[in-house]
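Here's the structure, in structure tokens; my notes come after.
The values are calculated or read from the model by the stated rules, or taken from the named source; none is laboratory data. As the structure is a computational prediction, the values presented were derived from the model and not from experiment. Glycine also receives a Cβ, built like all others from the backbone with ideal geometry; neighbour counts cover every protein chain displayed.
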Amino acid sequence: MLISLKEVKKTYHVGEIDIEVLRGISENIDNGEFVAIMGASGSGKTTLMNILGCLDRPTNGEYLFEGQNIGSLSDQELAGIRNKKIGFVFQNFNLLSRTSALENVEMPLLYGSGISGKEKDRRAKAMLERVGLGDRMNHHPSQLSGGQQQRVAIARALISEPSLILADEPTGNLDSKSGNEIMVVFEKLNTDGITIVMVTHEEDISKYAKRVIHMKDGELV
């Protein structure tokens, strides 16, 4: 079991008002699954993703990641899990504009990884080839299409060989053709054994997942 959520709740305190965003989420996600999370704006999808990605903690309930209780870990331990175990892919690509695709992919290995420059280079090249960008390694983001930029972002998410890829609306800024091409990349990565959890509001994109979870008003439907 990669992920186990037990009665996870999240409440935000805004002034004197408590806003309950997650209302007791219980769900398991196995190694090797490809899960899509769907729901209207305000349903709690992003809050759930932030908790899954160790960017936030539950107010109540239990989140086990690879058997570890996330709520009991220090901020430093959470950062370690984020850096080594989880790859993030965002709607806006989040690439550095003045660096090449290769350098963008190497970014997660720059801090405290203890990996030599030569090995970083080798890994980054391998990841770019894996997402079909072997011929674009030295191009800057401005020289790449939206779909190619998202492929660079996926390669960057893979560089630390994570247990989990979290993708938040990964096709949100792409036309339908590029979006479907990106989903084929995710499909192949999942076939290779990588666990993927993706937030999307697009029905046709959710069909690439093996399982779809629907959220409404902070609960699983």
Check your understanding: Within the range 169-185, how many residues are more than 18 Å from VAL197 (Cα to Cα) and in a helix (DSSP H, G or I)?
Key -> 3
Review point. What's the number of the condition LEU96 fails, among (1) within 25 Å of GLY146 (Cα to Cα); (2) surrounded by 19 or more Cβ atoms within 10 Å (Cβ to Cβ); (3) of a type outside the set (S, T, N, Q)?
Key: (2)
Point to revise | Given (1) out of contact with any helix residue (DSSP H, G or I) (no Cβ under 6 Å at 6 or more places or on another chain); (2) at pLDDT 95 or above, index of the condition GLY117 fails | key: (2)
Practice item. Return yes when ALA157 is part of a helix (DSSP H, G or I), under 21 Å from LEU48 (Cβ atoms) and aliphatic (A, V, I, L, M) and no when it is not. Key: yes
Revision key, fill the gap. Checked the range 162-182 for anything more than 13 Å from the chain's Cα centre (by Cα) and surrounded by fewer than 23 Cβ atoms within 10 Å (Cβ to Cβ); matches are GLY172, ASN173, LEU174, ASP175, SER176, LYS177, SER178, GLY179, ASN180, GLU181
Check your understanding: Can SER43 be described as touching a residue at least 12 places away in the same chain (Cβ under 8 Å), in contact with a strand residue (DSSP E or B) (Cβ under 9 Å, 6 or more places away or on another chain) and part of a strand (DSSP E or B)?
Key -> no
